[in-house]
Amino acid sequence: MKNCDRAGTAGPVSGVAAPAFTAVAEEFERNFADRGEVGASLCVLVDGTPVVDLWGGVADPDTGRRWESDTVGVVFSCTKAAVALCIHLLEQAGELRQDMPVAQVWPQFAANGKSDITIGMLLDHSAGIPVLSASLRPNALEDWEYMVGHIAAQDPFWCPGDQHGYHPVTFGHVLGEVVRRVTGSSVGGFFASEIARPYGLDFWIGLPEEIEPRVAPIADGIAGESTATPFLEAALRQRGSIPNLFLFNSGNWARTGVNTRAGRAAEIPAANGVTNGRGLAQLYARILRNRTLAAALSGRESARVPGASASDGFDATLLMPTRFRGGFMLSMGDGAQFGDGHSMRIGHHAFGHCGSGGSIGFADPEFGLTVGYTMNKLGPGPLLNQRGQVLVDAIYRSLGQVVPPRARVRSRPQFEQEQQ
């Protein structure tokens, strides 16, 4: 392994990279020198063995504290992978099924036309409850009972299962409530006891106070869209639309709570997981060791396993093509026309999840590959921006593979035509 300690524009870059992955280390350093990175971590495992483990820059620009080996930070929607894994483990244990109605374990959820929504529909974002219509108070996301009460009362925005649209926040609360009702434990508690602690992962949903000194605060808050997009146009001009409610009716956690003790201590299982690149890569390595689950999530036709729920096509929330399987994102690139941050190119059999601002964790079973990248300066768009994509591209090149092309996504359905 090559020692990568050296001075960088935003501070030192430290760690190791195997000789075959020198190009990955070089791109990580260029992110600081040329692409505005402030603080970041990157970990790449092949068959569970580290081939890249890098960190660098500044964890806290206000104090100048450096990003260290054990620095962690909020990874936004990368947290959804941890929630999905909890659900899959409960399914494998026989505690639930993807075709099981949510109302079977949470009777109140059946109200207002939601009795047929299944756990699988939540995993593939086709449940029809991506946002909430009722006006939410500022600290809504931090109040579990308040959120699940409003979700139980919500009408679906479309006939559940007929189409899909990213569920930015409700994904975590609904599946988290399923976990709570099945196990008696909160989703953060279940994840800690069944996954994070047994496997030594620095990963929390609901951060313990003793970890606070290691946290890198988000440097710039949620980054705005860099270009005009259908999503942004709808959010700003179509009051009551799904994009509008997502942007303006999701409480104020993302703006004012993300850098607070209370905002990290709460369980917001779609958004406030705290980890670093190593924690994400190790999480996905655990998934690959579960061969049945990895085969289902990879979508391989040869896999003799039950399929994972999947969706592919025009997204009623993000207003661009997206693809999901079993609670994870798949490679998608057709949104690149909207500018940086609107695509995520990974392998054909890979699965993972981006976080707001550009963090990513993913696994590619074809190569025994797992990756985690986190940072504190957020970039544009809902998916993977330039800093993350150049790292992913370099990882595949280091494996002797062609950089994954943009994924082909099905044509958009009648829903979009009706919105125009």
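Could you go through the stretch 224-239 and let me know if any residue there is surrounded by 24 or more Cβ atoms within 10 Å (Cβ to Cβ) and within 30 Å of Gly15 (Cβ to Cβ). Walk me through how you get there before you give the answer.
Step one: filter the stretch 224-239 for residues surrounded by 24 or more Cβ atoms within 10 Å (Cβ to Cβ), giving 231.
Remaining after also requiring within 30 Å of Gly15 (Cβ to Cβ): none.
Checked the stretch 224-239: no residue is surrounded by 24 or more Cβ atoms within 10 Å (Cβ to Cβ) and within 30 Å of Gly15 (Cβ to Cβ).
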Practice task
Could you check, for the stretch 125-145, whether at least one of its residues is farther than 23 Å from Ala254 by Cα, in contact (Cβ under 8 Å) with a residue 60 or more places away in the chain, in the same structural domain as Ala254 (by TED's automatic domain parsing) and not small (Gly, Ala, Ser)?
Solution key: no
Exercise for the section: For the stretch 103-161, enumerate the residues that are surrounded by fewer than 17 Cβ atoms within 10 Å (Cβ to Cβ) and charged (D, E, K, R). Expected result: Asp116, Arg137, Asp143, Glu145, Asp155
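Condition check ((1) polar (S, T, N, Q); (2) at pLDDT 95 or above; (3) under 22 Å from Ile360 (Cβ atoms); (4) not assigned by TED's automatic domain parsing to the domain that holds Ala93) across all residues:
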| residue | (1), (2), (3), (4) |
| --- | --- |
| Gly188 | no, yes, yes, no |
| Ile195 | no, yes, yes, no |
| Ile242 | no, yes, no, no |
| Trp253 | no, yes, yes, no |
| Asn259 | yes, yes, yes, no |
Exercise for the section: Considering only the stretch 246-260, state which residues are crowded, with 20+ Cβ neighbours inside 10 Å, part of a helix (DSSP H, G or I) and not aromatic (Phe, Trp, Tyr). Expected result: Ala254, Gly257
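Only strands (runs of 3 or more DSSP E) wholly contained in the stretch 1-100 count here; list those with 2 or more residues that are surrounded by fewer than 22 Cβ atoms within 10 Å (Cβ to Cβ) and not assigned by TED's automatic domain parsing to the domain that holds Ala196. Give the derivation first.
Numbers: elements: 13-17, 39-46, 49-60.
Strands (runs of 3 or more DSSP E) meeting the threshold: 13-17, 49-60.
Out of the residues in the stretch 331-370 meeting the condition of being aliphatic (A, V, I, L, M) and touching a Cys at 6+ places or on another chain (Cβ under 7 Å), tell me which one is farthest from Leu54 (Cα to Cα). I'd like the intermediate steps shown before the answer.
Residues of the stretch 331-370 that are aliphatic (A, V, I, L, M), as a first pass: 332, 336, 344, 346, 350, 360, 363, 369.
Pick out the ones that are also touching a Cys at 6+ places or on another chain (Cβ under 7 Å) and you get 344, 360.
Working: Met344: 22, Ile360: 15 Å.
Within the stretch 331-370, the match that is farthest from Leu54 (Cα to Cα) is Met344.
Every residue, every condition in (1) under 19 Å from Arg264 (Cα atoms); (2) more than 19 Å from the chain's Cα centre (by Cα); (3) assigned to a loop (DSSP other than H, G, I, E, B); (4) among the hydroxyl-bearing types (Ser, Thr, Tyr), yes or no:
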position: Ser133; (1), (2), (3), (4): no, yes, yes, yes
position: Pro138; (1), (2), (3), (4): yes, yes, yes, no
position: Glu145; (1), (2), (3), (4): yes, yes, no, no
position: Gly149; (1), (2), (3), (4): no, yes, no, no
position: Pro160; (1), (2), (3), (4): no, yes, yes, no
position: Gly172; (1), (2), (3), (4): yes, no, no, no
position: Arg181; (1), (2), (3), (4): no, yes, no, no
position: Glu194; (1), (2), (3), (4): no, yes, no, no
position: Tyr199; (1), (2), (3), (4): no, yes, yes, yes
Completion exercise
Taking the stretch 367-399 and keeping only residues that are modelled with pLDDT under 95 and farther than 27 Å from Leu232 by Cβ, one is left with none
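So which residues in the stretch 362-382 are farther than 13 Å from Leu288 by Cα and of a type in the set (Gly, Ala, Ser)?
Of all residues in the stretch 362-382, those farther than 13 Å from Leu288 by Cα come to 372-382.
Residues satisfying the conditions are Gly372, Gly379, Gly381.
Looking only at residues in the stretch 332-342 that are within 17 Å of the chain's Cα centre (by Cα) and buried (at least 24 other Cβ atoms within 10 Å of the Cβ), which one is farthest from Pro230 (Cα to Cα)? Steps first, please.
Step one: of the stretch 332-342, the residues within 17 Å of the chain's Cα centre (by Cα) are 332-333, 341-342.
The next check asks that each one be buried (at least 24 other Cβ atoms within 10 Å of the Cβ); those that pass are 332, 341-342.
Numbers: Met332: 17, Gly341: 14, His342: 12 Å.
Here the residue is Met332.
The values are calculated or read from the model by the stated rules, or taken from the named source; none is laboratory data. These figures come from a predicted structure and were not determined experimentally. Ideal geometry is used to build each Cβ from the backbone, glycine not excepted, and the neighbour counts take in all protein chains shown.
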